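The values are calculated or read from the model by the stated rules, or taken from the named source; none is laboratory data. A quick note: this is a predicted structure, and the numbers were derived from the prediction, not measured. Here the Cβ is made from the backbone with ideal geometry for all residues, glycine too, and neighbour counts use every protein chain on show.
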Amino acid sequence: MKTRTRFAPSPTGYMHIGNLRTALYEYLIAKSTGGDFILRIEDTDQKRFVEGATDIIFQTLKRVGMNWDEGPDIGGDFGPYIQSERRAIYAEYAHKLVELGGAHYCFCAHKDEEDENGDEPQTHAKLKDPCKLIPLEEAKRRIAAGEPFVVRQNINKKGTSVFHDVVYGDIEIDYDELDEGVLLKSDGLPTYNFANVIDDHLMQISHVVRGNEYISSTPKYNLIYEAFGWTPPIYVHVPQVMKDAQHKLSKRNGDASFQDLVAKGYLPEAILNYIALLGWNPGSEQEIFSLQELEKCFSTERLNKSPAIFDINKLTWMNGCYIRNLSADEFDALAQPYYKNITTSINTKALSAALQPRIETLNQIAEQIDFLQQVPDYDMELYTNKKMKTTPEIAHLALQLVLPTLQKVTDWSNDNLFNVLKEVAISNELKNGQILYPVRIALSGKETTPGGATELAVILGKDESIKRIQTALQKLNG
Ligand code: GLU
């Protein structure tokens, strides 16, 4: 049987990292076995409708290169792929399930399925629904007469349910622990607990990957499969993505979604690579994987059940690797938006070349280049540097020596400038640092810069560099 997996997000308006990881594992299970990856939008909770949220799902998956074989936008043989468009299908199967004895009509809780606390109304607590006793013919008459109703699951079994999960092994849950929850709501829409079963079956899904919070409800889904005489899919429950040992990675922390991370200067490819390893290991020391490489080596046996802790430092390190692996042009293109507020004429190619090896997230560009617009107001003590053997006096001398030399330079390249300044040092019996360090401070007003003195000079261009050295000399005179 062909592997068919599905990513079934609810349109919440952002892509939680845990959801993206689920999508990735679904995608990899399909692609590593020549199967199909299906996108299904689970929008039956109309109260939570967010405008534009489906587009965010599409864009995120496309941005990381996870293309789907069937989905709302491209169709497929098993559509529609948006749950709110499958209303008639759920109604048909809900009524069938009642006929088969897997569910019953309930009239007393239509006001609704949950109270304010999200709990089921007391009358329906486990197996005690009085509506279960209403004869089917009578229930049908009441429905035909227009009485609002819900379809509620029957849990008639006793004892223990056992099912297998690829990650967690055999799982046992007592039937007593399951509630007879609503499957079809009074508005005619299904709950997740019903829709997931119907859709996964009708869409011929072979593997279901989802968060381990769904484990406890899985016996209920299995009862529905059983009532219809269907085979359940292979279950792959994955541990939650945690911020630390106690807390889930939550939207409130501001770094829980793909969108948050991209806004902070992380590359989509690096994010994807990092989350692949949050709960899966390749069985080797290799850490950097492209999506294509993951497709080749992924296997569900290497998924693990220990909680996956999201380590932003590790992601930052990995992002740095990805930044360094970009071609110069690719990096320059990504860096351009960060340069747009600089009005002085600068050599952005040289700037990008200086930045690329030095940053780990794109957002670090901003703090590296703040001096380009203007030299910050700095203290003369900045010229004192033990390692470079400089003081404000030496800096004064160095800049006086450097200025006329630089004014004469025509080949304003890093190599040439470096040779010229080295020459100034040698002929004046100074150390290289005693020339280069003061020039760097004069050009930037900062101790840490994206590159050394001559790189900065190339970035700023000749006119601006000369101007800054003249200003520094004035300061040192004063
Ligand atoms: N819509 C569900 C969610 O976003 C999907 C769970 C599943 O994959 O079955 O949590």
Wholly within segment 174-264, which helices (runs of 4 or more DSSP H) include no fewer than the required count, namely at least 2 residues that are under 21 Å from the mean Cα position of the chain (by Cα), away from the ligand (no atom under 14 Å from the Cβ) and surrounded by fewer than 17 Cβ atoms within 10 Å (Cβ to Cβ)?
258-263
Determine which member of the set Ile466, Ile459 is at pLDDT 95 or above, crowded, with 18+ Cβ neighbours inside 10 Å and part of a helix (DSSP H, G or I).
Ile459
Could you say which residue among Asp174, Asp165, Asp119 is of a type in the set (Asp, Glu), out of contact with any helix residue (DSSP H, G or I) (no Cβ under 6 Å at 6 or more places or on another chain) and either at positive phi or at pLDDT below 95 (or both)?
Asp119
Taking segment 348-379, which residues are surrounded by fewer than 17 Cβ atoms within 10 Å (Cβ to Cβ) and more than 24 Å from Gly320 (Cβ to Cβ)?
Gln373, Gln374, Pro376, Asp377, Asp379
Has segment 434-451 got any residue that is exposed (fewer than 13 other Cβ atoms within 10 Å of the Cβ) and more than 25 Å from Ile369 (Cβ to Cβ)?
no
Going by the structure shown, is Leu261 touching a Lys or Arg at 6+ places or on another chain (Cβ under 8 Å), within 21 Å of Tyr322 (Cβ to Cβ) and of a type outside the set (D, E, K, R)?
no
